[in-house]
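The values are calculated or read from the model by the stated rules, or taken from the named source; none is laboratory data. Worth saying up front: this structure is predicted, and the values here are computed from it rather than measured. We place every Cβ from the backbone using ideal geometry, glycine too, and count neighbours over all the protein chains shown. Protein only, heavy atoms only, side chains kept; ligands, DNA and RNA dropped before computing areas. Shrake-Rupley method; radii C 1.70, N 1.55, O 1.52, S 1.80 Å.
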Amino acid sequence: MAAATVAALTLALVSAGCRTPTAIPTASLLEPLARPVPHPPDESDAAAAHLAEAALAGDTPAMERALDQLYAAEAERSRLEREEAEARNRRRGPRVRPKVLGLHNPTEGRPIVPHALNLVNSSLENPIAYRRASARLLLRADLDAGLRERLRRAVNDDPLRLARKRTWDTRQIYFAHVFNSVSAPLGRSLVTGVAMAPYQLSMAVVHFAAGLWERTGMTVQERQALVHRKRFLAAHPHAPEVPDIARKVEKSEAKLRKLRRKRTLERAHVALDAHQPELASVLAEHALLSSPGNQEAKRVLEEADAQIARRDELRARSLAAAEDGPRDLALAPEETRALVESLLVDSRELVRETRALRRAAPGPELRDESDFVLALAQYESGYESRSWENIADLAERSPRRSNMARYAAALDESSWQNPYGSYVERKRRGRSRSALVEIFGRWASGPRYRKLPRPLAYLLDLPAVAQTVITTPVRFLLTGLRDRPDFQGPAAVAGYRYLALHPDGQHSRELIEWLFEYEKSQKNWPAALRLADFQPGFDPESRRELVEETAKLGLQAADRIDRPDLRNTVLRDVVRQYPDSDAGYMAGILAREEVKLASPQRIRMTRQFLRENPQIAGTGGLGLRPALLDGELYNGELHPTGVTFLGGRVVEFNLVDESGDEENAPVKVRHEVSSERLARCAAMLEETTLRNARIDPDDELAPDPERDLYFERARLGLTEDLDRRPSAQSTYVFEGMRERYGMVRGRDSILPFDLVVTGSFLDLSIGAYPRWRQPRETPDAFLYR
């Protein structure tokens with residue numbers, strides 16, 4: 001037992017001695033800045049200066065002479081460096097393989113030679129000649145990444161080449177539709193049996209034809225090709241390709257005009273169906289501008305004018321004053337006089353007077369008017385439900401036989417005059433819509449093909465609709481735990497409108513309880529808490545839970561705010577309104593931290609970003625000690641959160657704590673750096689990020705004017721005057737590519753198709769088939785929709 005105890009203690013002592021704690025650097029975290037070593041200009045520098053001078057003057061012969069001098073100087077430099085390397089290798093011994101520096105021929109050299117060639121090519125007046133020269137320059141092996149990307153973009157910016165590419169994309173899209181329409185049913189039939197193959201293939205062909213009918217007359221890629229060809233004609237009016245390109249442009253423009261005219265007429269028909277004749281008239285006239293003889297546009301215009309004339313006639317008749325009838329109330333019939341006089345008495349008395357008038361009325365002439373007045377009197381007397389029942393009954397009468405049916409219908413259908421009725425109706429519609437979506441799924445909103453005749457469209461979708469209905473229980477089980485669409489939002493709006501108009505109304509208690517359950521289901525905790533306070537006898541424990549959830553919601557809202565003053569305002573508001581909640585306590589701590597750690601700026605560079613861009617962390621930029629980025633903990637290590645610019649000349653370094661756990665909070669060390677170091681770091685950071693964005697489109701720099709302003713002032717040495725306005729603070733974070741996209745960025749397969757595996761719950765079938773990938777849209781495709 002003693003031997004085992006001694007062995008265990010010895011092992012623990014050895015383990016503790018082998019564990020090296022993380023060191024917190026006590027010396028300076030920065031190294032001295034590298035100073036540029038001046039060197040006298042040589043013949044290459046002189047030739048480059050002559051070349052730049054000739055380029056600015058537009059002297060082509062002088063540029064050619066300067067370029068020849070640069071070639072000769074580079075060849076001489078290459079020869080001297082080669083001889084020096086060979087002599088050095090001979091002194092080292094024969095076993096060392098010679099390292100050859102420079103170039104072996106005058107056509108290749110330092111990066112200065114490709115830049116010089118690009119400068120000469122830029123003097124060409126013909127853009128076509130410049131693109132061809134740039135294509136030849138791309139064949140060189142000594143191009144740096146920035147120049148290679150710039151030349152590649154110049155070569156790819158050929159309007160005809162772009163037009164051909166977009167045309168090829170259009171053909172690929174059509175081919176992908178055909179291929180996928182055939183491969184999907186064949187793939188399913190090969191796996192599950194060929195019995196259903198003819199039916200599936202025929203349905204695929206039918207759906208493909210319907211899809212072609214639904215497609216627009218001109219794709220986005222075709223429109224892009226049209227714009228590129230027009231740009232070529234504008235830039236090269238005398239090129240030999242102009243006649244052929246002009247014919248293609250005219251053909252595409254005619255196709256585009258036809259498409260626009262068709263869409264304009266479709267919108268005109270929709271406007272007519274929506275009883276908007278003015279809009280339909282404008283759209284029809286617009287269609288006639290491009291096609292004066294279009295018969296459909298003329299028919300739409302005539303129908304719109306007829307609707308306008310009919311509406312004006314009805315409006316004139318409705319607003320016309322009655323010519324017959326007594327103008328003096330004393331000369332009016334007794335029933336009319338009694339009805340008018342009853343409107344001047346109290347509401348409760350009016351109810352009795354109106355009932356008596358209805359019983360005493362000898363005929364139906366004033367029955368509708370007395371019913372309408374009775375309903376208004378009941379409403380004012382507090383009989384709300386009975387009043388709206390009478391108005392609804394009056395609204396259902398024929399407008400040709402009843403003088404008050406239209407007025408009653410207007411009151412009954414108004415969501416402001418009858419908010420409770422609107423609430424009941426919208427609630428019913430929401431339940432119906434929810435049931436339709438649960439049963440029919442995506443087909444609840446209509447058929448797939450909207451431009452086909454409605455019966456034909458439903459007939460094509462009938463098999464899919466039947467399958468959706470049959471699998472309703474399965475879909476309900478799969479989607480029961482997920483958030484569902486809000487179908488009761490309109491009913492909630494009507495309910496709040498009723499409470500605003502009638503806070504002590506007959507249905508206020510009912511609506512408050514329903515709205516409370518609705519807001520809880522939507523996780524709108526502030527509204528649910530407010531509604532709970534209007535319910536007498538509400539459970540205190542449930543209210544505490546609502547307070548906690550509401551305070552958490554305030555914390556989440558504050559976390560999404562970038563400006564520190566607005567964020568602190570939200571945090572303090574959470575503390576004031578919910579002081580007894582845990583989230584309110586946390587909000588108070590965060591608010592104090594906000595004030596304690598306030599700084600004019602919060603621009604951060606992560607550790608991964610500095611590792612991927614060592615020139616920024618090196619002595620040419622910030623001058624960070626290399627030991628902080630070597631991954632070794634014993635000599636100190638930068639925390640993954642990196643380095644933060646706090647405004648002015650203050651820089652905060654986040655270091656890994658003594659435990660060595662990067663998940664822990666970092667140790668923050670602040671330094672006030674020199675203006676020169678800050679200016680060089682800002683210049684190197686901007687140059688590096690812009691260069692990376694040109695080389696790699698995925699490494700783009702998001703816009704941030706406050707960040708750019710701070711770095712501009714840093715480069716000019718104007719950071720002494722701090723801009724403490726909250727709106728001037730930037731919280732931009734420079735992240736590495738691995739932090740953005742992971743270890744490996746997703747790339748498309750070299751194969752033009754993907755393998756798709758599908759299954760069906762209806763017949764427990766499974767299928768696999770290749771699906772042809774469609775070409776990706778360009779970033780500017782939204783401009784051509």
Checklist entry - Of everything in region 536-552 that's surrounded by fewer than 17 Cβ atoms within 10 Å (Cβ to Cβ) and not charged (D, E, K, R), which residue is nearest to the chain's Cα centre (by Cα)? => result S542
Item to check | Residues that are surrounded by 11 or more Cβ atoms within 10 Å (Cβ to Cβ), under 52 Å from the mean Cα position of the chain (by Cα) and not in a loop (DSSP other than H, G, I, E, B), drawn from region 57-77 | outcome: T60, M63, E64, A66, L67, L70, Y71, E74
Item to check | Which listed residue, of E637, E652, is touching a residue at least 60 places away in the same chain (Cβ under 8 Å) and open to solvent by less than 10 Å² (accessible area, probe 1.4 Å) | outcome: E637
Checklist outcome for this item: The one condition E222 fails out of (1) among the acidic types (D, E); (2) at pLDDT below 80; (3) crowded, with 18+ Cβ neighbours inside 10 Å is (2)
Next on the checklist: Take the conditions assigned to a loop (DSSP other than H, G, I, E, B), under 22 Å from E676 (Cβ atoms) and out of contact with any His (no Cβ under 9 Å at 6 or more places or on another chain) and apply them to G621. Does it pass?
Outcome noted: yes
Checklist entry - Taking the stated definitions as given, is P463 open to solvent by 30 Å² or more (accessible area, probe 1.4 Å) and over 30 Å from M586 (Cα atoms)? => result yes
Next on the checklist: Whether any residue in region 695-711 is out of contact with any helix residue (DSSP H, G or I) (no Cβ under 8 Å at 6 or more places or on another chain), over 24 Å from V673 (Cβ atoms), open to solvent by less than 80 Å² (accessible area, probe 1.4 Å) and hydrophobic (A, V, I, L, M, F, W, C) is what I want to check.
Outcome noted: yes
Checklist entry - If we scan region 744-767, do we find a residue that is modelled with pLDDT of 85 or more and either open to solvent by less than 30 Å² (accessible area, probe 1.4 Å) or assigned to a loop (DSSP other than H, G, I, E, B) (or both)? => result no
Checklist outcome for this item: Taking region 669-682 and keeping residues free of Cβ contacts under 8 Å to residues at least 40 places away in the same chain and either of a type outside the set (K, R) or in contact with a Cys (Cβ under 6 Å, 6 or more places away or on another chain) (or both) leaves E672, S674, A679, A682
Next on the checklist: Return the residues of region 154-163 that are in contact (Cβ under 8 Å) with a residue 12 or more places away in the chain and more than 12 Å from R231 (Cβ to Cβ); say none if nothing qualifies.
Outcome noted: A154, V155
Checklist entry - How many residues are in contact (Cβ under 8 Å) with a residue 60 or more places away in the chain and assigned to a loop (DSSP other than H, G, I, E, B) if we restrict to region 213-250? => result 3
Checklist entry - Residue check: is A309 modelled with pLDDT of 90 or more, open to solvent by less than 80 Å² (accessible area, probe 1.4 Å), closer than 15 Å to H269 by Cα and part of a helix (DSSP H, G or I)? => result no
